[in-house]
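To start, the structure itself, in structure tokens.
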Amino acid sequence: MPDKTIAQQINIEASKKNIPLSVFIELTHRCNLRCYYCYQKEFKLTKELSLHDWKRIIKELAEMGSLYITLSGGEPLLREDFIGIVSTARYHNFAVSIISNGMLVNESIVRELKNLGIMDVGISLHAASEGLHDRLAHGPGSFKRALYAIRLLVKAGIKVLIKHSVSNTNFGEYNKLQKLADAEGCAFECDSTILPLHKGEISPYALNHEQHFTFLKDMEVGSIVSCVSNKEDPVTLHCDAGRSLCGIMPDGEVYPCIILPISMGNISKKSFKEIWYGKKSTAFREQELRLEETCRKCEKNLLCSRCHAVAFLETKKWTGKSESLCERTAAMVELAQSGNA
Amino acid sequence: MVIINKSGKKYLKNCVMNLSEKTKIQRVENVAQRLFEEQMLVITPKDSLLHRFNEVGTYIWQILDTPKTVEDICAEVNEHFEDIDEKQIFEDITGFIAKLEEKKLVKIHS
Ligand code: SF4
């Protein structure tokens, strides 16, 4: 097994000490697109913390040892004070990542982001062609806008990641997007986790077994989970949520992870520190160590990249199994047995 | 390797730039960083890689919040830490600065 990178070592240390090293902030639920798989129910203005609130929170996060901040939404650039929030995070020396659909990126924003020294911008693409992307984003012209944004950012010397969710609806586009990313001088990041549209069901866009198999094989991911030693309590069943990872919603709700809607408290009423070391957070961490037997005793658990959030959204219970994750793991096992991993 | 010229000036050989005691070192702007368990974590802007400095490195990085000469840095390190090998200090510090320069974390004004 290769030596752990410094980033991995720091993350392990942060996780052990409950230092929220990486914080994901959803600045708004508002969005100017309607992507087909999006689990957001409210695209309109709900309660949003003010720039003044974010200044207080970001300062506190810095004092607690957080280093990485990811600003997303909705579409984060819809906030008029967006640059003010980025600038606050940079003032406190954060490594700032932004996730956007690219629709509102223009020359002046790129100039400001460059001057502020952000780490990277992730631009979401559903497909490598205009027709399919625009249809899946429900936004005519959105592919062209995203590509325009990518080119402006790359030209300014800002690191860009093309972000892609692999579903049964755009299956295979990841190969073309990888080439597009190479051609445009970007990194490429794709994930086959599709969150349900409604609580208690699997997303209608989730991959089937054959697609999981093909995707895992194409991405050569079969070997990344080989570091586990203890089958009864494999580390892949646990994650950093609520330890070195944290999510904060537009209205100030603090979650262990941005996609795991279990409230640890609301930051508009308490300090982040009180919430992070409070009763609810401690209870979550204790429960996290006691996942259900279905998963702990599962034959395939060494190869499972289990996710509490997916389990919670699909079954309303985050400590148990999820059918879509079981499906992915079955494909992983098949891949490992076929000698392709 | 440190070489001392006839007038007694010290230089570090094989360094990206020659560093003398009078060389001024300035931290670049916009570097993401955090003090984590008393050690400085710094992300190099070029490749987004995370670096962790030891105690002395952390101290040097912190005092470089304003530009300083190599001579000043050595003097401050010497004063701050006990058990520092005074003969070794110039070489160690210039070695560290050379690494910072290589990673584009500082600018060097000769
Ligand atoms: S999610 Fe499914 S595959 Fe993964 S450990 Fe639980 S039961 Fe096993």
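The values are calculated or read from the model by the stated rules, or taken from the named source; none is laboratory data. Bear in mind the structure is a predicted one, so any value in this text is a computation, not a measurement. Virtual Cβ from ideal backbone geometry, glycine too; neighbours counted across all protein chains shown. All accessible areas refer to the heavy atoms of the entire protein, side chains included, with ligands and DNA or RNA removed. Shrake-Rupley method; radii C 1.70, N 1.55, O 1.52, S 1.80 Å.
Tabulated data
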read-out	value
Among residues of segment A:299-309, those that are in contact with a Leu (Cβ under 7 Å, 6 or more places away or on another chain) and within 7 Å of the ligand (Cβ to nearest atom), counted	3
Test for A:Glu327: is it more than 8 Å from the ligand (Cβ to nearest atom) and touching a residue at least 24 places away in the same chain (Cβ under 8 Å)	yes
Segment A:288-301 residues that are touching a residue at least 40 places away in the same chain (Cβ under 8 Å), paired with ones that are within 7 Å of the ligand (Cβ to nearest atom) and not in a helix (DSSP H, G or I) (beta carbon under 9 Å, 6 or more apart)	A:Leu291/A:Arg306; A:Cys295/A:Cys304; A:Cys295/A:Arg306; A:Cys295/A:Lys321
Residues that are in a loop (DSSP other than H, G, I, E, B), open to solvent by 30 Å² or more (accessible area, probe 1.4 Å) and touching a residue at least 60 places away in the same chain (Cβ under 8 Å), drawn from segment A:17-30	A:Asn18, A:His29
Neighbours by Cβ (under 9 Å, 6+ apart or cross-chain): first from segment A:116-132, among the acidic types (Asp, Glu); second modelled with pLDDT under 95 and part of a loop (DSSP other than H, G, I, E, B)	A:Asp120/B:Ser48
Extreme residue, farthest from A:Asn93 (Cα to Cα), among residues of segment B:80-110 that are of a type in the set (S, T, N, Q) and open to solvent by 20 Å² or more (accessible area, probe 1.4 Å)	B:Gln88
Those strands (runs of 3 or more DSSP E) lying entirely in segment B:16-82 with at least 1 residues within 12 Å of chain A (Cβ to nearest Cβ) and aromatic (Phe, Trp, Tyr)	B:33-36
Top-ranked residue of segment B:53-79 - restricted to ones that are closer than 9 Å to B:Met40 by Cα and of a type outside the set (D, E, K, R), ranked as most open to solvent (accessible area, probe 1.4 Å)	B:Asn54
Residue check for A:Trp276: out of contact with any Phe, Trp or Tyr (no Cβ under 7 Å at 6 or more places or on another chain) and closer than 27 Å to A:Glu26 by Cβ	yes
Yes/no for A:Cys298 being open to solvent by less than 60 Å² (accessible area, probe 1.4 Å), within 20 Å of A:Glu201 (Cβ to Cβ) and not aliphatic (A, V, I, L, M)	no
All helices (runs of 4 or more DSSP H) inside segment A:38-132 with 2 or more residues being within 14 Å of chain B (Cβ to nearest Cβ) and open to solvent by less than 20 Å² (accessible area, probe 1.4 Å)	A:51-63, A:82-91
Where a residue in segment A:158-185 is among the charged types (D, E, K, R) and its partner, wherever it lies, is open to solvent by 60 Å² or more (accessible area, probe 1.4 Å), with Cβ under 6 Å and at least six apart	A:Lys163/A:Glu189
Count of residues meeting criterion [within 21 Å of A:Thr46 (Cα to Cα), of a type outside the set (A, V, I, L, M) and over 21 Å from the mean Cα position of the chain (by Cα)] in segment A:64-118	3
Count of residues meeting criterion [part of a loop (DSSP other than H, G, I, E, B) and open to solvent by 70 Å² or more (accessible area, probe 1.4 Å)] in segment A:174-201	2
Some residue of segment A:330-338 being β-branched (Val, Ile, Thr) and within 18 Å of A:Leu207 (Cα to Cα)	yes
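A quick yes/no check of all residues on (1) touching a helix residue (DSSP H, G or I) at 6+ places or on another chain (Cβ under 6 Å); (2) within 16 Å of the ligand (Cβ to nearest atom); (3) of a type in the set (S, T, N, Q):
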site	(1), (2), (3)
A:Val235	no, yes, no
A:Met249	no, no, no
A:Ile258	no, no, no
A:Met264	yes, no, no
A:Lys269	no, no, no
A:Arg296	no, yes, no
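Rundown of residues vs (1) open to solvent by less than 30 Å² (accessible area, probe 1.4 Å); (2) within 19 Å of A:Leu21 (Cα to Cα); (3) within 11 Å of the ligand (Cβ to nearest atom); (4) out of contact with any Lys or Arg (no Cβ under 9 Å at 6 or more places or on another chain), yes/no style:
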position: A:Asp240; (1), (2), (3), (4): no, yes, no, yes
position: A:Cys246; (1), (2), (3), (4): yes, yes, no, yes
position: A:Glu274; (1), (2), (3), (4): no, yes, no, yes
position: A:Ser281; (1), (2), (3), (4): yes, yes, no, yes
position: A:Ala311; (1), (2), (3), (4): yes, no, yes, no
position: A:Lys316; (1), (2), (3), (4): no, no, no, no
position: A:Glu323; (1), (2), (3), (4): no, no, yes, yes
position: A:Gly339; (1), (2), (3), (4): no, no, no, yes
